[in-house]
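The values are calculated or read from the model by the stated rules, or taken from the named source; none is laboratory data. Remember, it's a predicted structure, so these values are computed and weren't measured experimentally. All Cβ positions, glycine included, derive from the backbone under ideal geometry; neighbour counts span all protein chains shown. With ligands, DNA and RNA removed, areas are computed over all heavy atoms of the protein, side chains included. Shrake-Rupley method; radii C 1.70, N 1.55, O 1.52, S 1.80 Å.
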Amino acid sequence: MMDKAAKSSYDAVVVGTGVGGSTFAYGLAKRGLDVAVVERGDYFKPATKDLAPLHLHHFQSLSVVGGQTKAFGAAMYRLRESDFTATEMEAGVSPGWPISYADLEPYYCEAEKLFKVHGSSLNDATEPPRSAPWPHDPIPHQGPVQELVERVTERAGFPVSYIPRAIDYDPDNGGKCVLCRRCDAYYCPRDAKMDAEVGALRPAVQTGRVTVLTNTECLRVLTTPDGKRVTGVVLRKAGEEFTVLTGMVALGCGLRETPLVLWRSRTSAHPNGLANGSGALGRHWGAHTQGWVFPMSMGVQRKEFHQKTFAINSFYQSGPDSTQPMGVIQASGNIEPLGMSRRYRYVADWILKHSFQTFVMTEALPSKETGFSLSDDGAKTIAEPIKNKQTFSKLRRHAAKIFRSAGYRVFAPTMETNFHNVGTARMGASPAESVVNGNCKAHDVDGLFVVDSSVLPTSGALNSGLTIAAVALRAAATAHLAG
Ligand SMILES: Cc1cc2nc3c(=O)[nH]c(=O)nc-3n(C[C@H](O)[C@H](O)[C@H](O)COP(=O)(O)OP(=O)(O)OC[C@H]3O[C@@H](n4cnc5c(N)ncnc54)[C@H](O)[C@@H]3O)c2cc1C
Ligand code: SF4
């Protein structure tokens, strides 16, 4: 895709080419709008033709066309109906959304088609209702995974489901995916992973109505003197600043950058940042608490196989020792332990050679206090999402027990990270408590939208990419009318 030169005005400017920004741009372009998509990074050009491992430290701040999805695991799940309503959890209440699962369902269908999701509802009692069948059959479990699935089902007595995957797998009809061992945390050199660039931005550009401006940073959003309406954006490319006029701006810069762009856009009408009348900007950071569990099997990774196909979702709503939601157990790709010191790397390499890699995920809660302070120097963490600590530990123990019952020795280190971060420009019904409404439009500025992970009020316990895409498609369906 070649960049065209920027014109001086567009119907809409979308900032950021992550899954939110790219999908929103697609939604507008297919409705006939003339759209500029601004991305501060470039197209990802790996140094070699091999799968290029992306270092762990870059994960949350990838400045490339496609954003984080360039390295994502392409697990594209729908949240469950209960995730949209307020739910009591160990550490507090997971707040409800201003929209319901039913409001989002048609857009989940559209997003699954766009991103070529391969899935099945088999063995997953938590699967929510769907108005269209899965677009593609699930990715088959391969050799060692099939054996693990049978052992977990028969010996441990737990149903094992398929992970819905957004990959171009269709061996009989020229699908590009060869089911290699990587995927998760790696770039796909075959363009077979339906990341935001391949899955949404290219179809958007193919409409002929989208101009992609790479290596171009959005410095701020411009508004009318009374602050009530968007008028344009100030961009910078190769050190030069210029203005593009538009009546619609959609920010898809990700969890930290979207609040920062709004902060930098403050005026006397919006002294605490654009769209921040509530003070919610940068706050309400939610996430998943994620930790690793390795079912050990000597020499298993000597074979080349694709492992990210299986999940156990039986603990989603409750567990044997919890009446509250616990989370999921999910296969990851085969990820090298990059960024570790030599000493730890040797041990990690050994474990990875002789194990399947899986992780457990539990929702971590947002609150007014979780999030970042915003300044012209950047976003500084105030407090992290609130962990449901005991629930998470129990889930990790259940996962270990299941794999042990299936006949595997298990290594389950007690380390955990925040993953699938959400919430720092959250949607809500009340302008006093949220940044945008249920259609992703800023409460207090017309023509301004936020369309990325930062609008999701909560993370549920499933990967958020498909939900970000569905929310963006729904926003696009109303934005071109509302403006
Ligand atoms: C290794 C890894 C594996 C993952 N696996 C999965 C998975 O299997 N399933 C899943 O659902 N999720 C997965 N995720 C999470 C998922 O990728 C993210 O939640 C999602 O991609 C976030 O999308 P986003 O639209 O919020 O923006 P981002 O992906 O954060 O993109 C924001 C974009 O905006 C650009 N930008 C920022 N500021 C500016 C500016 N001022 N001007 C111009 N451009 C700007 C950035 O360069 C970037 O391209 C994974 C993430 C990682 C890192
Ligand atoms: S599994 Fe398929 S989509 Fe994923 S990196 Fe390998 S070839 Fe690409």
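Observations
- Semi-axis lengths, Å, segment 363-404, gyration tensor of Cα atoms, sqrt of 5 times eigenvalues: 34, 10, 5
- Diffusion coefficient (Stokes-Einstein, Kirkwood radius over C-alpha pairs, 4 °C, 1.567 mPa s) for segment 360-471: 80 µm²/s, rounded to a whole number.
- Where the chain is the region considered: accessible area per residue in Å², 1.4 Å probe: 39 Å²
- Over all other residues within a Cβ to Cβ distance under 14 Å of residue 73, the charged ones net out to +4, with Lys and Arg as +1 and Asp and Glu as -1.
- Here the accessible area of the chain is 51 percent carbon and sulfur, with a 1.4 angstrom probe and all protein chains present.
- Note on segment 426-474 and segment 192-267: Cα centroid distance 17 Å, given to the nearest whole angstrom.
- Computed with the Debye formula from one identical point scatterer per Cα of segment 279-355, without solvent, the log10 of I(q)/I(0) at q = 0.24 Å⁻¹ comes to -1.14.
- Taking 0.36 nm per residue of separation and subtracting the Cα-Cα distance, full extension of the segment from residue 176 to residue 376 would add 67.6 nm.
- Sum of -39500 (n - 2.57) over DSSP H runs of 4+, divided by residues of the chain (222 nm, nearest 500): -6000 deg cm²/dmol
- Taken one residue at a time, the phi angles of segment 164-172 give Karplus couplings (6.51, -1.76, 1.60, θ = phi - 60°) of x, 10, 9, 9, 8, 9, 6, x, 7 Hz. Gly and Pro are set to x.
- Sorted largest first, the spans of the alpha carbon positions of segment 249-405 along the three principal axes are 64, 41, 29 Å.
- Interchain or long-range residues, amide H under 5 Å from residue 136's placed H: 119
- Calculated over segment 184-317: convex hull of Cα atoms, volume per residue (Å³): 217 Å³
- Taking the convex hull of Cα positions in segment 188-266, its mean projected area over all directions (nm²): 6.9 nm²
- Taking amide H atoms as placed 1.01 Å from N in the peptide plane, the amide H of residue 364 lies under 5 Å from those of 287, 288, 289, each 5 or more residues away in sequence or on another chain.
- Peptide packing: for 467-477, 156-166, the average count of neighbouring Cβ atoms within 10 Å per residue gives the ranking 467-477, 156-166, highest mean first.
- Antiparallel bridges, percent of DSSP beta bridges restricted to the chain (to nearest 5): 75 percent
- For segment 411-479, fraction of C-alpha pairs farther apart than 13 Å, in %: 64 percent
- Taking only the alpha carbons of segment 266-323, we obtain Rg and Dmax values of 22.5, 65 Å in that order.
- Within-13-Å neighbourhood charge of residue 479 [Cβ basis; K, R +1; D, E -1]: +2
- Dividing the mean sequence gap of close Cα pairs (under 8 Å, 6+ apart) by how many residues segment 366-483 holds gives a relative contact order of 18 percent.
- Sum of side-chain charges, residue 414 neighbourhood, beta-carbon under 14 Å (Lys, Arg +1; Asp, Glu -1): +4
- Relative contact order computed over the chain (Cα-Cα under 8 Å; 6+ residues apart), in percent: 23 percent
- Mean Cα-pair separation over length for segment 286-389, i.e. relative contact order, pairs under 8 Å, 6 or more apart, %: 36 percent
- Distances between placed amide hydrogens fall under 5 Å for residue 11 paired with 34, all partners being 5 or more residues away or on another chain.
- Solvent-accessible area of residue 328 with every protein chain in place, 1.4 Å probe, in Å² to the nearest 10: 0 Å²
- Sorting 407-416, 25-34 by their mean Cβ neighbour count within 10 Å, with the most densely packed peptide first, gives 25-34, 407-416.
- Listed cross-link partners 7/113; 193/303; 116/308; 116/401 are compared with a 27 Å cut-off, the Cα-Cα value being larger for 7/113; 116/401.
- Contour minus Cα-Cα distance for residue 298 and residue 390 (0.36 nm per residue): 30.0 nm
- Computed P(r) (all Cα pairs; segment 50-176; 10 Å bins; percent): 10, 29, 35, 23, 2
- Measuring with a 1.4 angstrom probe and ignoring ligands and nucleic acids, residue 386 comes out at about 60 Å² accessible.
- Computed on the chain, the Cα convex hull volume stands at 141 Å³ per residue.
- Aspartates and glutamates whose Cα lies under 16 Å from that of residue 176, excluding same-chain neighbours fewer than 8 positions away: 50, 137, 168, 191, 195, 197
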